Amino acid sequence: MTPALPWWSGTVIYQLIVRSYSDGNGDGIGDFKGLAARLPYLRWLGVNTLWLTPIYPSPLRDGGYDITDFTGIHPDLGDLASFHRFLTAAHSQGMRVILDLVLNHTSDLHPWFQRARWAPKGSSERDVYVWSDDPKRYAEAPVLFRHFEASNWEWDPVAEQYYLHRFLRHQPDLNYENPWVQDTMLEVVDFWLDRGVDGFRLDAVPFLFESEGSRCEGLPETHTFLKRLRERVDRHGRDVLLLGEAIQPVQEAAPYLADDELHGAFNFVLTAHLFAAIASGRIQQLGECLMEAEQAVCGPRWALPLRNHDELWLGDGHLISDEVIQTIRVGLPQGQGHWLNWGINRRLAPLLNGDPRSNRLLHGLLYSLPGMPCLYYGDELGMGDWPGLRDRDPNRTPMAWTPARNGGFSTAPDPLLVLPPITAPGYDYRVVNVEVQKQLPGSLLNWHRRMLTCRRLLPALRHGSFRLLHSPHPGVLVYLRCTEAMTVLVAANVTAAGASLSLDLSEWAGERTREVMWGCEFPPAAAEWFVNLPPYGFNWWLIGEVEPAATPA
Ligand code: NOJ
Ligand code: CA
């Protein structure tokens with residue numbers, strides 16, 4: 001008998017920022033009360049896992065990734081009781097909830113850091129963070145937020161030493177050489193699992209340990225700690241998802257997915273190649289990247305993001321080649337400007353110049369490739385951004401619910417809003433919002449819902465095997481997703497021109513072929529099976545007689 005699949009196998013992850021999602025008490029800031037009220041929408045849409053960016057007390061100098069208390073709730077969002085009410089409601093509506101957990105650093109306002117800087121040099125309190133008398137230590141570790149910081153070290157006049165911060169200077173790195181740090185962070189994990197959460201998105205996992213002469217990423221000691229973390233999670237005796245954020249090449253990200261380590265990891269290389277494919281109209285490197293990821297670890301364990309709350313991270317040539325970075329910069333309508341740190345600071349829709357065809361194509365790939373598709377809140381509407389805002393705030397503006405004031409996000413007066421709702425031309429919330437798009441059968445929102453429904457009915461798309469087929473067209477990606485009972489064929493045209501091609505389906509000669517979304521019949525499979533795809537067009541076909549609805553969910 002095949003073992004039961006964990007709940008997260010093939011799950012669709014919806015990422016949201018609680019403070020930007022829905023305001024339940026009218027103070028201008030999204031909260032758990034507001035989010036709980038939106039659960040029926042999320043269920044209607046068809047996503048099954050909610051990933052909440054950090055919800056903890058924080059001075060919010062890095063969107064909450066600067067934490068002052070790992071076991072509390074930011075008072076703007078509610079309290080542990082309102083979190084619990086939300087979690088229970090999400091579970092009762094069939095959704096799982098994973099929390100962002102920042103292992104690598106805290107806020108400099110965290111009591112641990114304040115204690116550390118005042119404690120004597122070499123004391124156990126000081127030792128909770130990474131200190132040095134020499135800011136040239138670990139010189140090969142790149143500065144990640146290069147538009148904000150010039151060094152990974154900051155002088156602390158109280159401690160009279162430098163402290164390490166791989167991110168912003170107010171985010172000192174915890175010292176994982178210190179057993180107290182390891183034990184305490186494992187207690188944090190216990191705390192949230194005891195409260196019923198279903199998993200964690202582990203922020204910045206590669207950076208837990210440092211070593212001279214290296215980039216200080218993914219060191220063996222880091223993997224050893226993550227295995228300890230996994231063992232601790234397993235003790236809870238239920239399926240939990242540990243999803244690592246390692247913005248690294250496939251070969252460096254794959255070790256996090258060892259059987260005794262994390263369950264999932266984001267495939268950011270794939271994200272970059274998806275954009276590069278659109279930018280260049282060519283699929284060769286995308287295909288190679290898919291094969292590499294598939295060979296490194298079995299496909300369903302990769303999480304597949306298009307966009308998120310950060311800039312579209314392309315890196316310094318370590319993640320993907322300079323040539324691919326250049327392809328994206330030059331080929332994407334918004335690729336040239338809006339550069340932040342090592343990536344492009346735009347939301348998906350503006351990045352694609354508002355073209356719904358490429359938007360659908362990219363999501364069509366995400367929903368049919370092996371892994372856990374990640375949908376960023378608002379991208380189901382083609383929501384826009386506010387490029388003038390500071391740091392990554394352009395991508396974090398309030399969700400657009402209705403054409404009413406503030407897009408239905410909040411009843412508060414405008415100056416109190418967490419961030420301004422989008423009124424940019426082409427993306428105005430009076431047009432681009434949930435209420436309006438629900439009523440338009442051809443809207444992007446209804447399209448997403450339909451695609452997610454189809455995906456639910458097709459187990460092959462959730463956990464079937466993956467096979468790339470030979471494509472006679474340089475701009476059309478062709479692949480199969482198969483379970484024993486079901487074969488789904490996918491063809492996707494990444495070019496701005498129509499494509500017609502002939503596929504060799506002799507393996508299934510004479511079998512019925514049906515397009516999935518609208519159920520229309522195609523000619524039976526044959527050695528020369530012709531397909532026409534419009535610009536940025538794609539299709540999913542079922543091969544054979546199996547009925548989607550009759551297959552096990
Ligand atoms: C990655 C997060 O996605 C980003 O938003 C944050 O600034 C850094 N980690 C630091 O926590
Ligand atoms: Ca509120």
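The values are calculated or read from the model by the stated rules, or taken from the named source; none is laboratory data. Because the structure is predicted, anything quoted here is derived from the model rather than measured. All Cβ positions, even for glycine, are placed from backbone atoms using ideal geometry, and neighbour counts span all protein chains on display.
Tabulated values for the structure
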read-out: Unique residue being in the same structural domain as L375 (by TED's automatic domain parsing), aliphatic (A, V, I, L, M) and not in a helix (DSSP H, G or I) when the list is L290, L262, L270; value: L262
read-out: Selected residue (criterion: farthest from L445 (Cα to Cα)) from residues of the range 46-71 that are hydroxyl-bearing (S, T, Y) and within 13 Å of ligand 1 (Cβ to nearest atom); value: S58
read-out: Any hit, the range 456-470, residues being farther than 28 Å from L501 by Cα and without any contact (Cβ under 8 Å) to a residue 40 or more places away in the chain; value: no
read-out: Subset tally (residues that are at pLDDT 95 or above and farther than 18 Å from I17 by Cα) for the range 387-401; value: 0
read-out: Test: residue in the range 165-177 that is of a type in the set (A, V, I, L, M, F, W, C) and either within 16 Å of ligand 2 (Cβ to nearest atom) or under 22 Å from R85 (Cβ atoms) (or both); value: no
read-out: Number of the exception - R43 against (1) part of a loop (DSSP other than H, G, I, E, B); (2) away from ligand 1 (no atom under 16 Å from the Cβ); (3) under 30 Å from H448 (Cα atoms); value: (1)
read-out: Filter result for G63 (assigned to a loop (DSSP other than H, G, I, E, B), away from ligand 2 (no atom under 16 Å from the Cβ) and either closer than 30 Å to V130 by Cβ or assigned by TED's automatic domain parsing to the domain that holds Y129 (or both)); value: yes
read-out: Matching entry among D133, D100, D76 (being within 16 Å of ligand 2 (Cβ to nearest atom) and modelled with pLDDT of 95 or more); value: D76
read-out: Residue list for the range 94-122, filter: part of a loop (DSSP other than H, G, I, E, B) and over 18 Å from P59 (Cα atoms); value: G94, M95, A119, P120, K121, G122
read-out: Hits in the range 75-93 (condition: surrounded by fewer than 22 Cβ atoms within 10 Å (Cβ to Cβ) and part of a loop (DSSP other than H, G, I, E, B)); value: P75, D76, D79, Q93
read-out: Matching entry among R195, R201, R215 (being in contact (Cβ under 8 Å) with a residue 60 or more places away in the chain, farther than 17 Å from E252 by Cβ and surrounded by fewer than 22 Cβ atoms within 10 Å (Cβ to Cβ)); value: R195
read-out: Pick from the range 61-99, criterion of a type in the set (S, T, Y) and in contact (Cβ under 8 Å) with a residue 40 or more places away in the chain, ranking: nearest to F191 (Cα to Cα); value: T71
read-out: Set A36, A116: member being in the same structural domain as A159 (by TED's automatic domain parsing) and among the aliphatic types (A, V, I, L, M); value: A116
read-out: Any pair with Cβ under 6 angstrom, 6 or more apart, that starts in the range 12-35 at a residue that is in contact (Cβ under 8 Å) with a residue 40 or more places away in the chain and ends at one that is assigned to a helix (DSSP H, G or I) and within 15 Å of ligand 1 (Cβ to nearest atom); value: I29/R19; G30/V18; G30/R19; G30/S20; L35/V18
read-out: Selection status of D385, buried (at least 21 other Cβ atoms within 10 Å of the Cβ), within 16 Å of ligand 1 (Cβ to nearest atom) and not small (G, A, S); value: yes
read-out: Filter result for the condition that a residue is modelled with pLDDT of 95 or more, farther than 22 Å from T49 by Cβ and crowded, with 17+ Cβ neighbours inside 10 Å, over L361, L332, L416; value: L361
read-out: Failed item, numbered, when A485 is tested on (1) over 27 Å from G442 (Cα atoms); (2) surrounded by 14 or more Cβ atoms within 10 Å (Cβ to Cβ); value: (2)
read-out: Residue in the range 173-184 that is aliphatic (A, V, I, L, M), more than 16 Å from ligand 1 (Cβ to nearest atom) and either in contact (Cβ under 8 Å) with a residue 60 or more places away in the chain or not assigned by TED's automatic domain parsing to the domain that holds G34 (or both) present; value: no
read-out: Number of positions in the range 243-287 that are in contact with a Lys or Arg (Cβ under 8 Å, 6 or more places away or on another chain), among the hydrophobic types (A, V, I, L, M, F, W, C) and surrounded by fewer than 24 Cβ atoms within 10 Å (Cβ to Cβ); value: 2
read-out: Residue in the range 310-331 that is within 27 Å of R481 (Cβ to Cβ), within 16 Å of ligand 1 (Cβ to nearest atom) and outside any helix (DSSP H, G or I) present; value: yes
read-out: Members of the range 488-516 that are closer than 27 Å to N359 by Cβ and either surrounded by fewer than 16 Cβ atoms within 10 Å (Cβ to Cβ) or free of Cβ contacts under 8 Å to residues at least 60 places away in the same chain (or both); value: L489, A491, A496, A497, G498, A499, S500, L501, L503, T513, R514, E515
